[in-house]
Amino acid sequence: MGKSSVSLLPRAPRTVPRRWRTWLTGFLVGATLGTVVLTTWPWPTTIVSLPGTPNTFTDNPSGQFLHISDIHVDAHYRQGATLDSYCHRHAKHSDDEDSESVGRFGAPVSSCDSPVKLVDITFHWLKRTLAADLDFVLFTGDSARHERDDRLPRSVDEVVMLNRYVASRFLALFHPDVTPVIHVVGNNDVEPHNLMEPGPNPMLQGLYEAWQEYIPIDQKDLYLTMGYYRRILQPGKLLVAALNTQWFHSSNDAVGACRKADHPGAQQLVWLQDILEQAQSTGAQVIIAGHVAPEFDDYYNSCYKRYSRLVVKYRDVIQGQLFGHNNKDHFYFLANDADSRRPNVKNALLPTALDANDNLPDVSIQKGVPSLIKELMKHYKRVWADRKTTQYSVVNISPSIIPTYNPTLRKYRYVTGSTSPQFKRPYGTLLDYDQYWLNLTDANEQFTELGSPLYEPDFEFLYSARQQYNMPDLTTESYLDLAYRITQNKTLRREYAEFLCVMTNLHGGAYNDA
């Protein structure tokens, strides 16, 4: 990429507000074998029109929202390329041992990022199915590809452009005044990846310009300085605290931990506590959204401890802690005694390892899943044993669009208020989620068989928390019960393990050892 520039052409019609023009059409810098080229990229040409009646949050037993994470779009992805080139280049010789070519829609169980076509079909499917019924969307970060290919280094311009592209796809489906999209900063949404300093700076300015239609105007200055913000969804009832987990992330060497008052992480914790205190005093409920989840070895020690104690203290107003980054479908608990009951999953989480060394072989993916399953089973047993003496708060990790395993997204259902006696839970209580996945192996094979460039596979329903796990809701208490049942029931453990790696069968039978 280097010093190449990006042009946004042609101009949008004058009837479109000036501040939206950069979303509408454009070009993205692409490259093949080190030669910089401009590749035409047809972005959505319209922003979704404003309907006559916006979505309402009241007078319904439950509402719905989408959680989508880790899109990692890669304009350099090439169908037919090799895995060892990160899906960027074709084999030099047809008889190369590692000449396995990758498919049109992505390469499951690999270190490759998402092709543009995968992003296209994801948003096309959302438009046909879920989009019209959603109240809001949580996008927990990482629009940009990883910085793994030494022959294709990233630039700030490319990272910003990839964020603009992803934002344009959301804008084509979700009008900012109707269906808010709450975006959070991912560790690969900054360049160099993982490293971030407080603003104002070109990186945060670029991210703000990409997502400004969805960021409340009264949060602009905070976002430009710190990259986090809050979004009120229903005044006095429900809001989202959109964290910038880079201030907690131990891989961010550009900042300190959370020990001193002037550390960005400490400032974010004070900001979050203010939000939670105000919610507690007014009766509002809070959903916390972030990219890198609060895990002991992923966060600075002081940040992890302070965050854990904070969310346990205000657990009565926190209706969910929803994160991405790790690509695996799992949950765990934070305790007010943060040291003794934390899950020891550092070496089991693929993205953490890859962020430290982006050239690790694909085998690390397969090793990660069994280790994580075993550590989670130990964690669940400890938590259940101490449940009467220790207070907990549950953390949920959603799988990703990037095909580290198979592309996945979630639709949540939550309480929106009712006078009916059966709905006595607080407004915003998470009730259930439906998980959808795309079988990439089948999708690529079907495309090859049909040979039609018009073929687009559909995401399919995988499971719901209520049906699969018999959960009455998604509160910490219900997850504590589920954790116990998973440790006691081998069939349930096996199913949990299969979902954890999104049906790629990489669990290695680890559920047998629990």
Scan Tyr433, Tyr427 and give me the residue that is surrounded by 17 or more Cβ atoms within 10 Å (Cβ to Cβ), touching a residue at least 12 places away in the same chain (Cβ under 8 Å), over 26 Å from Gly186 (Cβ atoms) and not aliphatic (A, V, I, L, M).
Tyr427
Quick check on this structure: which one of Ser393, Ser418 is surrounded by 15 or more Cβ atoms within 10 Å (Cβ to Cβ), among the small types (Gly, Ala, Ser), at pLDDT 95 or above and over 23 Å from His507 (Cα atoms)?
Ser393
Condition check for Glu191: among the charged types (D, E, K, R), surrounded by fewer than 24 Cβ atoms within 10 Å (Cβ to Cβ), under 19 Å from the mean Cα position of the chain (by Cα) and more than 27 Å from Asp316 (Cα to Cα)
yes
Exactly one of Ser308, Ser281, Ser340 is surrounded by fewer than 22 Cβ atoms within 10 Å (Cβ to Cβ), modelled with pLDDT of 95 or more and among the small types (Gly, Ala, Ser), and that one is Ser281
Taking the condition outside any strand (DSSP E or B) and on the phi < 0 side of the Ramachandran plot, does Ile182 pass?
no
Taking the condition under 30 Å from Thr282 (Cα atoms) and crowded, with 22+ Cβ neighbours inside 10 Å, does Ile232 pass?
no
Tabulated pairs, the range 365-388, first of a type in the set (Gly, Ala, Ser), second at pLDDT below 85 and not in a helix (DSSP H, G or I), C-beta under 9 angstrom, 6+ apart or interchain:
Gly368/Leu349; Gly368/Leu506; Ser371/Val345; Ser371/Leu349
When every residue in the range 104-154 that is under 22 Å from Ile182 (Cβ atoms), in contact with a Leu (Cβ under 7 Å, 6 or more places away or on another chain) and small (Gly, Ala, Ser) is compared, the one surrounded by the fewest Cβ atoms within 10 Å (Cβ to Cβ) is Ala131
Could you look through the range 213-243, keep only residues that are of a type in the set (S, T, N, Q) and more than 17 Å from Ala167 (Cβ to Cβ), and pick out the one that is modelled with the highest pLDDT?
Thr225
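The values are calculated or read from the model by the stated rules, or taken from the named source; none is laboratory data. Worth saying up front: this structure is predicted, and the values here are computed from it rather than measured. Counting neighbours? That spans all protein chains shown, and the Cβs are built from the backbone with ideal geometry, glycine included.
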